[in-house]
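**Q** Shown below is the structure under consideration.
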Amino acid sequence: MSSPKSELNPERLRVVLVLQGGGALGAYQAGVFQAMHEHGLAPDWIVGTSIGAINAAILAGNPHETRLERLRQFWDGIAHRDSYDMRQVPDQQRRSNVLLQTWDTLVRGVPGFFKPRFMSLFPTGAAVDPEQASFYDTSELGDTLNRLIDFDYLNQPGGMRLTVNALKVACGSLRSFDNREQTLNADHIRASGALPPGFPPVRIDGELYWDGGLYSNTPLETVLDDNEHVDTLCFMVDLWSADGPEPTTLDEVQTRQKDVTFASRSKRHLDDYVATHKLQQKLRELYQALPERARTVEGAQDLAALGCGTTLHVVRLAYAGRDWNMAAKDINFSKGSIEWRWDQGYQDALRAIKAAGWLSFVTEDTPLVVHELPPLRQPHDQERAA
């Protein structure tokens with residue numbers, strides 16, 4: 001499957017969407033998709049972890065014409081209704097409402113997503129069944145996913161490719177579940193978002209799995225390691241920021257700790273990707289410099305297996321919300337907050353699409369171009385080419 005030719009994708013680049021974990025912050029990802037959807041940039045492949053896996057599965061598990069509607073149904077369904085319009089009140093009143101909503105989430109959970117285990121002995125330190133070893137029960141999420149996702153559609157050949165990542169509890173290795181390789185169901189999606197100790201592990205084929213974000217919260221490596229050597233346009237959505245001010249309060253310290261823990265490590269992965277591609281290019285040049293008698297069929301096959309020179313465009317979209325430096329921002333399901341994040345994702349993606357830096361000319365031997373969001377005061381995309 002390849003993207004159709006369009007004004008924004010005249011070369012029919014493979015379009016990929018990479019979605020981090022981040023709980024309620026994932027509404028930002030939904031806004032990004034809306035902008036892509038409206039501009040004919042539907043992904044050929046979505047890779048997600050945790051809330052990113054949930055968003056990804058809803059998109060891959062529905063036809064083009066209903067994807068956005070199903071995504072809205074999910075986020076509207078798990079949003080906590082506010083007592084007043086958050087857009088019409090001062091900042092301090094919004095913050096107070098968010099604190100109340102967050103406490104309500106901790107106490108009552110989120111209907112259709114997770115609920116507390118009030119009678120569980122797990123919080124006391126007692127041993128329980130592995131699938132019960134958590135503060136909350138996510139079985140309702142399974143019901144929600146089965147209602148909003150057509151898994152027959154998701155798993156049929158020729159559709160949108162979906163990959164979700166989870167961590168194998170027993171050995172700490174990362175497992176990618178891919179609808180090109182196996183039949184996916186709601187348990188695979190729940191496993192990708194099973195962040196302990198809040199959420200329980202999910203057993204698949206006899207093995208227990210936790211949230212893939214414990215290993216790597218930004219599943220960009222899945223795209224970089226893919227052996228389908230084609231020119232690619234990758235929208236990478238970051239929900240956590242590795243950069244931030246020096247914290248001075250307990251809440252700021254906890255917020256900074258969570259940001260650093262779950263922030264993208266994409267720069268290191270992209271640097272490795274460029275180094276590998278440059279090495280492959282050098283090998284091809286050296287092979288071509290060999291005399292004819294020194295070239296072999298096996299050598300040519302080995303070079304072909306490395307892939308031809310391709311270009312990866314990475315459009316990085318980063319959530320920039322302050323959230324009052326709340327460490328619990330990822331469990332703030334206030335409807336006003338969710339709507340604001342969705343709109344921010346939509347507006348940021350519109351800026352990236354308007355700049356369309358991937359349309360600029362690059363030489364065939366350019367392995368990677370990273371497109372950052374242009375400043376609001378400047379119309380042109382800022383790029384870092386390698």
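The values are calculated or read from the model by the stated rules, or taken from the named source; none is laboratory data. Quick caveat, the model's predicted, so the values are computed rather than measured. Cβ atoms come from the backbone with ideal geometry, glycine included; neighbour counts cover every protein chain shown. Accessible surface areas use protein heavy atoms only, side chains included; no ligands, DNA or RNA. Shrake-Rupley method; radii C 1.70, N 1.55, O 1.52, S 1.80 Å.
**Q** Starting from the stretch 154-168, take each residue that is farther than 9 Å from Val47 by Cβ and modelled with pLDDT of 95 or more and list its partners that are among the basic types (Lys, Arg) and open to solvent by 40 Å² or more (accessible area, probe 1.4 Å), counting only C-beta distances under 7 angstrom and pairs at least six apart or across chains.
**A** Correct list of pairs: Ala166/Arg175; Lys168/Arg175.
**Q** While we're on this one: Can you name every residue in the stretch 81-114 that is of a type outside the set (A, V, I, L, M, F, W, C) and buried (at least 16 other Cβ atoms within 10 Å of the Cβ)?
**A** Within the stretch 81-114, Asp82, Arg94, Asn97, Gln101, Thr102, Thr105, Gly109, Gly112 qualify.
**Q** From the residues in the stretch 1-43 that are surrounded by fewer than 19 Cβ atoms within 10 Å (Cβ to Cβ) and of a type in the set (D, E, K, R), which one is farthest from Trp340 (Cα to Cα)?
**A** Within the stretch 1-43, the match that is farthest from Trp340 (Cα to Cα) is Glu11.
**Q** Can I ask one more? Answer yes if at least one residue in the stretch 253-268 is open to solvent by 40 Å² or more (accessible area, probe 1.4 Å), farther than 30 Å from Asn55 by Cβ and part of a loop (DSSP other than H, G, I, E, B), and no otherwise.
**A** No, because not a single residue in the stretch 253-268 is open to solvent by 40 Å² or more (accessible area, probe 1.4 Å), farther than 30 Å from Asn55 by Cβ and part of a loop (DSSP other than H, G, I, E, B).
**Q** May I ask you to list the residues in the stretch 115-150 that are open to solvent by 30 Å² or more (accessible area, probe 1.4 Å), in a helix (DSSP H, G or I) and not β-branched (Val, Ile, Thr)?
**A** Passing the criteria: Phe122, Pro123, Pro130, Glu131, Gln132, Ser139, Glu140, Asp143, Asn146, Arg147.
**Q** If Asp137 satisfies all but one of (1) under 20 Å from the mean Cα position of the chain (by Cα); (2) in contact (Cβ under 8 Å) with a residue 60 or more places away in the chain, what's the number of the condition it fails?
**A** (1)
**Q** Now for a separate question. Of all residues in the stretch 229-252, which are surrounded by fewer than 21 Cβ atoms within 10 Å (Cβ to Cβ), touching a residue at least 24 places away in the same chain (Cβ under 8 Å) and among the charged types (D, E, K, R)?
**A** Asp231, Asp251, Glu252
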